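Student: Below is a structure I'd like to ask you about.
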Amino acid sequence: MRVALLYNARPVEAISNVPDDAFEEYDSLETVESIAGALRQLGVEVMAVEADGELPWRLREGGFDFAFNIAEGVGRRCREAIPVAVCELLGIPFTGSDALTLAITLDKFVARRVVSPDVPVARGLLVEREADESELRSLAFPVIVKPNDEGSSKGIRQNPVAHSAAAAIERCRWLRERYSCPVLVEEFLSGMEITVGVVGNYPNARVLGMMEIAPADSDEKEFVYSVEIKRDWQRRVRYHVPPRVEAKKIAELENLALKAYSLLGCRDVARIDFRLDSEGQPRFLECNPLPGLNPLSGDIVILSRERLPYEKLVQGILLDAAYRVGVSMI
Ligand SMILES: Nc1ncnc2c1ncn2[C@@H]1O[C@H](COP(=O)(O)OP(=O)(O)O)[C@@H](O)[C@H]1O
Ligand SMILES: [Mg+2]
């Protein structure tokens, strides 16, 4: 069994003329090597394959039986869909969600529309160009202003929270200039942040675990899991597994995560981000069908590590995918 590990590597050196978080979603070679190592323990042959413009040729000539996908792709809101679309074109089965799900989930506004009202979301609006002041005023402040089709907190830097329409307009402009993308303005959810790991497939999709993401400094107001905080997670974040909420809330979150997973058509694995509103009601922020798998800092790795060693998590994704498509791994 020859497995292509599809990835996009984060450049080691800073690149001029682009924001310093431009490649935040891409993976380090350490992550790629860790995944390859875990998969090799299954007795399969693994080759890392960069998902750039040469991907179709690399895949066609590589003689692969399966692809393990962590590639974030290149381009705008369809970028994550492209590497797996190429696999589909070439008839190579792959782990994780297909092109439609990867495209929907990268466009946060579309994902919100797919999951709600079954899974509640914060009130929000999409700003394609200039923000309209009267539309913005229909939201309750403060609001958070984030790129609509980015991940890994890209564009969510210091001060993403706006307390007035004027500040939100300014923030939308700043984001559009830097990231040239539509902007999502959402009412700020002041409650606890919880991320839920889901694995498997219908009818056996299951919650792997969930964790609360809290500021290390408990006095911190308007905590946001921003690029700066994620990069400095060991100092600035405290993860609580399970979240410090009552059992009823955990059950509710499990339910909502499975519902979102199913409505978005996720396969094999995903991590779904929620936040509680001021009344303690969970609201969906976004779904990550390509959750970061760094062995130390990947959120899904952290939330599951008490129950599942890293190698088993990674191997499980391939085994679930193989079972789904009816391919034997031995
Ligand atoms: N409506 C919101 N209210 C409060 N915090 C939010 C909201 N939306 C996003 N955030 C904060 O910003 C972080 C990143 O937003 P998210 O929508 O998960 O995008 P990303 O794809 O960049 O992870 C979240 O983990 C959370 O801390
Ligand atoms: Mg997120």
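Student: Using a 1.4 Å probe on the protein chains only, how many percent of the accessible area of the range 124-187 belongs to carbon and sulfur? Walk me through the numbers before you get to the answer.
Tutor: On the way: 1230 of 2780 Å².
Summing carbon and sulfur atoms, their accessible area is 44 percent of the total for the range 124-187.
Student: For the range 225-313, take the convex hull of the Cα atoms, compute a quarter of its surface area, and give me that in nm², please.
Tutor: Values: hull surface 26.2 nm².
That works out to 6.6 nm².
Student: Same structure, new question: Counting each pair of different Cα atoms once, what's the Kirkwood radius of the range 2-95 in Å, rounded to one decimal? Could you put the intermediate results ahead of the total?
Tutor: Working: mean 1/r = 0.0725 Å⁻¹.
Taking every pair of different Cα atoms in the range 2-95, averaging 1/r and inverting gives 13.8 Å.
Student: While we're looking at this one, here's another question. Take the alpha carbon gyration tensor of the range 98-141, find the square roots of its eigenvalues, order them as a ≥ b ≥ c, and report rounded if a/c is under 1.5; if not, report prolate when a/b exceeds b/c, else oblate.
Tutor: Values: a/c = 4.38, a/b = 1.66, b/c = 2.64.
Cα axes put the range 98-141 in the oblate bin.
Student: To continue, here is another question. Compute and list, largest first, the equivalent-ellipsoid semi-axes of the range 124-187 from the alpha carbon gyration tensor, each √(5λ) rounded to a whole angstrom. Write out the running numbers ahead of the final one.
Tutor: Values: eigenvalues 56, 29, 20 Å².
For the range 124-187, the ellipsoid semi-axes come out as 17, 12, 10 Å.
Student: Quick check: the distance between the Cα centres of the range 121-191 and the range 1-32, to the nearest angstrom?
Tutor: Between the Cα centre of the range 121-191 and that of the range 1-32, the gap is 27 Å.
Student: Rank these by accessible area, largest first, 1.4 Å probe: R112, R123, R2. Could you put the intermediate results ahead of the total?
Tutor: Working: R112 15, R123 130, R2 60 Å².
The ranking, largest first, comes out as R123, R2, R112.
Student: Follow-up. With 24 Å as the limit, write out which pairs from K230/K259; K146/K221; K108/K230 have Cα-Cα distances beyond it, or answer none. Kindly include the intermediate steps, with their values, before the conclusion.
Tutor: On the way: K230/K259 27 Å; K146/K221 18 Å; K108/K230 20 Å.
Check vs 24 Å cut-off fails for K230/K259.
Student: A follow-up question, please. Hey, can you rank 160-171, 292-303, 94-105 by average C-beta count inside 10 Å, highest first? Kindly include the intermediate steps, with their values, before the conclusion.
Tutor: Numbers: 160-171: 18.1, 292-303: 21.1, 94-105: 22.9.
By packing density, highest mean first, the sequence is 94-105, 292-303, 160-171.
Student: Oh, and also: Excluding R76 itself, calculate the net charge of residues whose Cβ lies under 11 Å from the Cβ of R76, where each Lys or Arg counts +1 and each Asp or Glu counts -1.
Tutor: On the way: positive: R77, R79; negative: E80, D107, D149, E150.
Residues close to R76 contribute a combined charge of -2.
Student: Where Rh denotes the Kirkwood radius from the mean inverse Cα pair distance, what is Rg over Rh for the chain? Provide the component values of the computation, followed by the final result.
Tutor: Working: Rg = 19.4 Å, Rh = 20.3 Å.
Ratio of gyration radius to Kirkwood radius for the chain: 0.96.
Student: Another question about this same structure. Relative contact order, percent, of the range 239-330 when contacts are C-alpha pairs under 8 Å separated by at least 6 residues?
Tutor: Values: 72 pairs, mean separation 16.5, N = 92.
Computed value for the range 239-330: 18 percent relative contact order.
Student: Lys and Arg at +1, Asp and Glu at -1: add these up for the other residues within a Cβ distance under 11 Å of E187 and post the number.
Tutor: On the way: positive: R123, R275, R283; negative: E186, D277.
Charge balance in the 11 Å sphere: +1.
Student: Here's a follow-up. With runs of 4+ DSSP H residues as the only contributors, calculate the mean residue ellipticity of the chain at 222 nm using -39,500 (n - 2.57) per run, divided by the residue total and rounded to the nearest 500.
Tutor: Working: 12 runs with 114 residues, N = 330.
Helix-only estimate at 222 nm: -10000 deg cm²/dmol.
Student: From the protein chains alone at 1.4 Å, what is the descending order of accessible area for E311, E61, E24, largest first?
Tutor: Of E311, E61, E24, the descending order of accessible area is E61, E311, E24.
Student: With charges set only on the Cβ (+1 for Lys and Arg, -1 for Asp and Glu), what does the dipole of the chain come to about its Cα centre, in debye to the nearest 20?
Tutor: Details: 40 positive and 51 negative charges, 104 e Å.
Using only the charged Cβ atoms, the result is roughly 500 debye.
Student: Accessible area per residue of the chain at 1.4 Å probe, in Å²?
Tutor: Working: 15100 Å² over 330 residues.
It amounts to 46 Å² per residue over the chain.
The values are calculated or read from the model by the stated rules, or taken from the named source; none is laboratory data. These figures come from a predicted structure and were not determined experimentally. As a convention, Cβ positions derive from the backbone with ideal geometry for all residues, glycine included, and neighbour counts pool all protein chains shown. Accessible surface is based on the protein model in full, side chains and every heavy atom, while ligands, DNA and RNA are left aside. Shrake-Rupley method; radii C 1.70, N 1.55, O 1.52, S 1.80 Å.
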